[in-house]
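Since the structure comes first, as structure tokens, the remarks are kept for the end.
The values are calculated or read from the model by the stated rules, or taken from the named source; none is laboratory data. Computed from a predicted structure; not experimentally measured. Ideal geometry is used to build each Cβ from the backbone, glycine not excepted, and the neighbour counts take in all protein chains shown.
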Amino acid sequence: MIRLDDVEKVYRTDRIETVALSGVNLEIEEGEFVSIMGPSGCGKSTLLHLMGLLDAPSKGTISLSGAPVTDASDKSLARLRNESIGFVFQSFHLIPDLSVLDNVEIPLLYRRVGAAERRKAAEAALERVGLAARKHHFPSQLSGGQQQRVAIARAIVGKPRLLLADEPTGNLDSQMGDDIVAILQDLTAQEKTTLVMVTHDPRQAEKTTRTIRMFDGRRVS
């Protein structure tokens, strides 16, 4: 599904060079649910951003479904992100002035999907995360766990092949966190969605098919 070959990411300023990732080799198969763990500052989020095509490596190659994307144009990368990749973050990034349904529809606006089709897809995504009855509520009327479920619905409304989750349970209590990971597990089992989750929580990592460990910008296991 996604492969990284000898990937390096270096951030440079006039006076300093920071190596965020070095010599990372990684392959994730279609339908896997993989967790990424490691101490703060080890490169987990940088790795996720590269996998999500939000940033480009300084060195190395990234391939999606067997096709190299490292040198793709900005327009091609934007299309791949919109059509093939979904994102879930620790902060829910919901738009407060929009209803739950309107928030979930947002990715489909960029595909120029018609209004009726957008609504149908958004309602189906909300049904999938158990929030169909809250579609006309606003984010401020929901609990943290419910807001994260809306964020997941928004991420999956376009049926992405790859879902990337950066600390999706970080702002939630343990029960809500368990509920969120259960939804993610169901997506991999039922939809064969490939899922990569950054987490600090070993309890949640144990629920994934395998764990990748990072330290000082390198993959150590």
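What to note about this one:
- All positions within the range 146-191 that are over 16 Å from S35 (Cα atoms) and in a loop (DSSP other than H, G, I, E, B): V157, G158, K159, P160, R161, N171, L172, D173
- Matching residues in the range 26-49 - criterion: being at pLDDT 90 or above and either over 18 Å from L164 (Cα atoms) or aromatic (F, W, Y) (or both): F33, P39
- The listed residues are G41, G23, and the only one of them that is free of Cβ contacts under 8 Å to residues at least 40 places away in the same chain, over 23 Å from L80 (Cα atoms) and small (G, A, S) turns out to be G41.
- The set of residues in the range 165-200 that are of a type in the set (D, E) and farther than 22 Å from A20 by Cα comprises D173, D178, D179, D186, E191.
- One residue stands out among those in the range 60-106 that are hydroxyl-bearing (S, T, Y) and assigned to a helix (DSSP H, G or I): the one that is farthest from G145 (Cα to Cα), which is S76.
- Pairing each residue of the range 85-113 that is modelled with pLDDT under 90 with any residue that is among the charged types (D, E, K, R) and surrounded by 13 or more Cβ atoms within 10 Å (Cβ to Cβ), provided the two are 6+ apart or on different chains, yields C-beta distances under 7 Å for F89/D166; Q90/D166; Q90/E167.
- Looking only at residues in the range 44-59 that are free of Cβ contacts under 8 Å to residues at least 40 places away in the same chain and within 12 Å of the chain's Cα centre (by Cα), the one that is surrounded by the fewest Cβ atoms within 10 Å (Cβ to Cβ) is L54.
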